[in-house]
Every structure is written in C-alpha cells, then in structure tokens.
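Visitor: Below are the structure tokens for one structure; questions will follow.
The values are calculated or read from the model by the stated rules, or taken from the named source; none is laboratory data. Since the structure is predicted, the reported quantities are computational estimates derived from the model, not experimental observations. Virtual Cβ from ideal backbone geometry, glycine too; neighbours counted across all protein chains shown. Heavy atoms of the whole protein, side chains included, go into the accessibility calculation; ligands, DNA and RNA do not. Shrake-Rupley method; radii C 1.70, N 1.55, O 1.52, S 1.80 Å.
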Amino acid sequence: PEAVRELCRAARQNGADTPLDEPSRHAMRLAAERMACEALRVLAIAVVEGAEIDARAGFEGLRGRGVLLGLVGQIDPPRAEVKDAVARCREAGIKPVMVTGDHKATGHAIAKELGIAKDGDGVVDGRELEQMSDSVLAERIAGISVFARVHPAQKLRIVDAYQKRHEVVAMTGDGVNDTPALVKADVGVAMGITGTEVAKEAAKIVISDDNFATIIAAVEEGRVVYRNLKKVVLYLLSTSVAEVLVLLTALTLGYPPPLAAVQILWINLVAEGTVTINLIMEPAEGDEMRQKPISPHEPLLTRLLLSRMAFMTPAIAGSTLGWFIYRLSTGVSFPQAQTETFTVLAVGQWFNVLNCRSETGSALNFSILKNPWLIGGLVIGNVLQAAVVFLPSLNDVFHTVPFSLKEVVAIGVVASLVLWVEELRKLVVRTRMARLAVG
C-alpha cells in the first residue's frame, strides 16, 4: 500500500476522482494499518489510464498518474495446531521468531495471535533492519519476535546474528530466496509441498506436509533418541566397569578368577546384547518437551551420568564379588561358586537396565510394558542364562554347574542390590525436586 500510494494523485469514490491530498493519504495510511493490525494482508488497488506497465523499467514513470480505487484485505489463517505447537516450543526452551514479507503490523498481529510475540517484544521491518549495524542487531535481537518486509540478504543477517550469540538456529523456508539462510542456519528446514527444489537441496530437513507442528514433533523425537542413547551409554559403562572391578579386585585380594573367559564373553555378547538395542527403543517419557535444550557442546559423559555410575557400578561389583567370596567361605566347590557369581553378574545387569530407563522415575511400576522389546530381551536373556547353567550339553562349554532353586532365589535377592541403591537415589532426587517446586 505504501508503494502504490506514492504513485497516486487521486482517489476514486462513487465514480468521481478527488485529489489525494495529505489528509487523504494519512487516512489511507491509518486504514491500512488498522486492517494490518487485524492480521490482514493489505493490498492497494490503483488504475493508471492509458499507460502500459513494465515492471522491468520500474514505476517512476507512473508517479503522480495513478488513481486509487481502494484497499483489499486478505487473510491466510494459520492452522489450528500451530498455536499449540508454538506453546510447546516455548515450553521446550525454543524461541520461535517470525520472518515475514508482510507489513510489520500484520506480522505482529499474527505473531501475537499464535503466541510468538509477547507483550514488550520488538517488531522490526526491513528498513529499520537496514539501518542497524551488526553489533546493534546482536544486542537487540534477543528482544525481537517479528521481522517484517525483509529481503534475502537480511534473512542471512538475522541467522548470523543469532549464531554470534551462540544460539542454535533452525530456519524454515520454501523459496529460492531462502536458500542462503537455509544453508547458513544450523538446521535448514524446507517445505516439501510448496518448497522449490533449490530450497529442498539446501535444507538439512524437508517437511513433507508443510506443517509447523511436524517440526516440533521432530524436535521431540530427536530428544527421545538422544536421551535413549545416553541411557545405553550409562548401561554399558556402568556394567562394563563393574566387570573390570570384580576381576581386578579379586586378583588383588588373592582370589582365583571369579569368571571364566568364556563367561565374560557370554556376559558381553548375550546378557548385555539381549537388552542393549531394546533400551534404545524406549518410548518417550513424556517430559522431553519440558526440558531445556541440550547444548551442542555438552559432553556425552555428563556429571549426572557419572554420578549415577558412582552408585550403580559399586553396587553391581560389590554384590557380585561379595557373593563369590561368601560362597567360597561356605566351602562350596570353586566351579559352583564361579557359576553362581557368573549368574549374579548377569542378573545384576538386568536389574540395572531397569534403572537406566529413567533418570528420576522409579522402575517399580508397569511402565516397562510400554517397551515390549525390552521385556522380550529380558525373557530371552533369562532363558539363555538358564540354559547355560542347567543344560548338561552347555556346562562343559561354559564351565558351569547347576545349582538349586534356593540359590536361584538368593542370587536374585543379592543381584537386586543395584536396583535398590538406584531407587534410593531417585527418591532423594524426586523429594528435592518437589521441595524446589513448592518453594
């Protein structure tokens, strides 16, 4: 509207042309702003009698010759699910920012309706952005929620300004003009339906349904995958270090090896292997989108992970080695003591995989039913372990001997030590979190 207004000399009303004086121009400007504030995309319609329009030659030759016919308001209503997706964004610590070609008032109105812009947030258009230096933009950008009437080079500046603040930037786009910003962003997201092939090639992710809510679902799924990878790392490290501790401590104290070489191999390949991949397939815990974003510089072995290992590893090693020493002291044969110790270690690892399913949630519930793969892995692991211990054809191969039902129950109780230690830690953490929430 502001560009067309500059070309017009008059306004047509009721079939008559009246001069477009300054009060009329001001009234037109107010009407356009009022429509824009209602989230309408405003177009000005004018006619130039006896003139041919050549966009390549520019419109300077038309200045002062146009007759304004009126203003038209259009609206492209956002999808119903977008507002909820924006709310989930904010809950997850992600700041949504609108970069639009619309008038700043239109963009601001839509942004407020969707929850992208809050009271006090800044709105900047292309002309204002052009006048800002990079340093000023970097200082102000944290408080800006809407960028309006921007051109491609300015989109690139916006992405760069966020990255200079060490933010991880995801940029969505569908046109050729969006390509530089899509490449520059940490995660370029192209639209699969309306997006150009150039935009799709430049992006790291293509959304097949052009739905903003799908991006949020992808973020949640990414957090689930990352959390599950850390669960597996915790499980493998805590159990592997426990094995080493058992062997080294026994040798240091002068005891014979608590585990045969083939038994160690069995533990690593079968006892762990039947549950490791299954743990990666854990479903979402439900609080992924209430957690803070993970820094790209965060180490895989975080302080929390190492602190949990400090409880798990000694519990597994202590119960395993303690059972071995105790059984030797009761006078049982070395093959039986070694077999029982081998089983204690395997069962302890299965209890530990239950611990690793959640940082704070108790394992003493039915949530494991949400992961049938893990249930299946535990069942298979138990069946295979029983076969190694009780089938005569496998006893010679794995240096095992059968033991009674009484020992089976006792082994289960002793091996569960790691579960109760971690349950106590989780209880302390949940109690502390509840107190902080109340405070």
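Visitor: Scan the stretch 326-356 for residues that are in contact with a Leu (Cβ under 8 Å, 6 or more places away or on another chain), open to solvent by 20 Å² or more (accessible area, probe 1.4 Å) and more than 18 Å from ASN382 (Cα to Cα) and jot them down.
Guide: Matches in the stretch 326-356: PHE334 only.
Visitor: Could you pull out the residue among VAL146, VAL189 that is open to solvent by less than 20 Å² (accessible area, probe 1.4 Å), in contact with a His (Cβ under 8 Å, 6 or more places away or on another chain) and part of a strand (DSSP E or B)?
Guide: None of the other options fit; the residue is VAL146.
Visitor: Out of ARG65, ARG79, which single residue is at pLDDT below 85, of a type in the set (Lys, Arg) and over 30 Å from ILE141 (Cβ atoms)?
Guide: None of the other options fit; the residue is ARG65.
Visitor: Further question: Looking at (1) touching a residue at least 60 places away in the same chain (Cβ under 8 Å); (2) over 26 Å from GLN154 (Cα atoms), which is the one condition that is false for ARG41?
Guide: (2)
Visitor: Still on this model: Within the stretch 296-336, can you find the residues that are more than 28 Å from GLY361 (Cβ to Cβ), free of Cβ contacts under 8 Å to residues at least 60 places away in the same chain and part of a helix (DSSP H, G or I)?
Guide: If the condition is that a residue be more than 28 Å from GLY361 (Cβ to Cβ), free of Cβ contacts under 8 Å to residues at least 60 places away in the same chain and part of a helix (DSSP H, G or I), then TYR326, ARG327, SER329 are the ones that fit.
Visitor: Where the second residue is of a type in the set (Gly, Ala, Ser) and open to solvent by less than 100 Å² (accessible area, probe 1.4 Å) and the first is within 14 Å of SER307 (Cα to Cα) and modelled with pLDDT of 90 or more and lies in the stretch 424-439, which pairs have Cβ atoms under 9 Å and are six or more apart or on separate chains?
Guide: Taking only residues 6 or more apart or on different chains, the pairs are ARG425/SER307; LYS426/SER358; LYS426/GLY361; LYS426/SER362; LYS426/ALA363.
Visitor: Pick out the one residue from ARG41, ARG25, ARG34 that is closer than 12 Å to ALA105 by Cα, surrounded by 13 or more Cβ atoms within 10 Å (Cβ to Cβ) and modelled with pLDDT of 85 or more.
Guide: Residue meeting the stated conditions: ARG34.
Visitor: Any residue that is under 30 Å from ARG223 (Cβ atoms), of a type in the set (Asp, Glu) and either surrounded by fewer than 18 Cβ atoms within 10 Å (Cβ to Cβ) or more than 38 Å from the chain's Cα centre (by Cα) (or both) - is there at least one of those in the stretch 412-433?
Guide: Within the stretch 412-433, one or more residues are under 30 Å from ARG223 (Cβ atoms), of a type in the set (Asp, Glu) and either surrounded by fewer than 18 Cβ atoms within 10 Å (Cβ to Cβ) or more than 38 Å from the chain's Cα centre (by Cα) (or both).
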